[in-house]
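What follows is one structure encoded as structure tokens, with my remarks underneath.
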Amino acid sequence: MTSPTSLSRNPRVRVTDVELLSDAWYVLRRTTFEFQHRDGRWTTEQRETYDRGNGATVLLYDVAGETVLLTRQFRYPVYVNDHPDGMFLETAAGLLDTDDAETAIRREAEEETGVRIGALEHVFDVYTSPGSVTERLHCYAAPYDPADRGAGGGIAEEGEDIEVVELRFEDALKMIGTGEIADAKTIMLLQWAALQGPFSARKGLE
């Protein structure tokens, strides 16, 4: 990620100060900058940004079986913000760390679901919380063979306790409406799969 003090891509933004507030886990900064409004006025603004690095996620699907493979694990941030039990249903995902996005998602998918990905399709990149979190999420899709699945479950030494959940694709779509699937990346990838991806032809949408 570009250093905030060296940003120059937008002439309407002049960064004047960057304060490090915390780096206990990831990095929290407070940035002061001058911003030129559309009417020409300049104002001084402050924003806090949380930098946890970039990430990658993958929707694993089986067209023949009409299923998708998701994970369920406890997510404290959603638990504290009104999710019923914090047990969050989502696509396999993880931070890139020092890897490129493809290498990272192959690693994460195998650790979390037991699937060793073959062909991998890049779908899109998104910023899911642009008001405060810097993370850019690289989104992929890949087929899986139910017969070739390993154990998955995450890395116990890192505190991971991940349940692998296989769902009929139609049921997963319905779970968006009921709120049982409330994860943004998962919803976007499921909608893509229905509209443009592996399940679009069978719905007569191509």
Practice item. Let me have the relative contact order for the range 63-206, percent, based on Cα pairs under 8 Å that are six or more residues apart. Key: 27
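Largest first and in whole Å, give the semi-axes of the range 9-51's equivalent ellipsoid, each being the square root of 5 times a Cα gyration tensor eigenvalue.
25, 9, 7
Show me the chymotrypsin sites (Phe, Trp or Tyr not before Pro) within the range 1-79 that DSSP assigns to loop and that have at most 15 other Cβ atoms within 10 Å of their Cβ.
Values: sites: Trp25, Tyr26, Phe33, Phe35, Trp42, Tyr50, Tyr61, Phe74, Tyr79; in loops: Trp25, Tyr26.
When the chymotrypsin sites (Phe, Trp or Tyr not before Pro) of the range 1-79 are filtered for loop state and at most 15 Cβ neighbours within 10 Å, Trp25, Tyr26 remain.
Across every pair of different alpha-carbon atoms, what Kirkwood hydrodynamic radius in Å does the range 55-200 reach?
Numbers: mean 1/r = 0.0651 Å⁻¹.
Taking the inverse mean of 1/r over all distinct Cα pairs, the range 55-200 comes out at 15.4 Å.
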Practice item. Please identify every one of the trypsin sites (Lys or Arg not before Pro) in the range 61-131 that sits in a loop by DSSP and has no more than 14 other beta carbons within 10 Å of its own beta carbon. Key: Arg116
Study note, to complete from the structure: Each label sits 7 Å from Cα toward the beta-carbon; between Asp17 and Ser129 the label points are separated, in nm, by 2.6
Study note, to complete from the structure: At the level of C-alpha centres, the distance separating the range 125-144 and the range 164-199, in angstrom, is 16
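Just the number please: accessible area per residue for the range 55-200, 1.4 Å probe, all protein chains included, in Å².
On the way: 7120 Å² over 146 residues.
Result: 49 Å² of accessible area for each residue.
To the nearest 20 Debye, how big is the dipole of the chain about its Cα centre, given +1 on the beta carbon of each Lys and Arg and -1 on that of each Asp and Glu?
Details: 21 positive and 37 negative charges, 212 e Å.
I would put it at about 1020 debye.
Counting only protein heavy atoms and using a 1.4 Å probe, what share of the accessible area of the chain belongs to carbon plus sulfur, as a whole percent?
Working: 5640 of 11790 Å².
Solvent-exposed carbon and sulfur of the chain make up 48 percent of the total.
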Study note, to complete from the structure: Note: Asp148 to Arg72 extended length (0.36 nm per residue) minus current alpha-carbon separation gives 25.3 nm
Practice item. Have a look at Val13, His37, Val27 and report the one farthest towards the positive end of the charge dipole of the range 9-51, computed about the Cα centre with Cβ charges (Lys/Arg +1, Asp/Glu -1). Key: His37
Exercise for review: Go through 109-115, 192-198 and give me the packing order, highest mean Cβ count within 10 Å leading.
Suggested key: 109-115, 192-198
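In the neighborhood of His122, defined by Cβ-to-Cβ distances under 12 Å, what is the net charge if each Lys or Arg adds +1 and each Asp or Glu adds -1? Before the final figure, lay out each step's value.
Numbers: positive: none; negative: Asp100, Glu102, Glu121, Asp125.
The answer is -4.
Could you work out the relative contact order of the range 22-113? I mean the mean sequence separation of Cα pairs under 8 Å and 6+ apart, divided by the number of residues, in percent.
Details: 133 pairs, mean separation 21.1, N = 92.
Relative contact order, the range 22-113: 23 percent.
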Review point. Using the alpha-carbon atoms, what tilt in degrees (0 to 90, nearest 10) does helix 184-195 show relative to the longest principal axis of the chain?
Key: 60
Check your understanding: Given Leu96, Pro77, Leu195, which one lies farthest toward the positive end of the charge dipole of the range 73-206, if we put +1 on the Cβ of every Lys and Arg and -1 on the Cβ of every Asp and Glu?
Key -> Leu195
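The values are calculated or read from the model by the stated rules, or taken from the named source; none is laboratory data. For clarity, every value in this text was computed on a predicted model and none was experimentally measured. Cβ sites come from the backbone with ideal geometry, for glycine too, and all protein chains shown count toward neighbours. Keep in mind that these areas ignore ligands, DNA and RNA; they rest on the heavy atoms of the full protein, side chains included. Shrake-Rupley method; radii C 1.70, N 1.55, O 1.52, S 1.80 Å.
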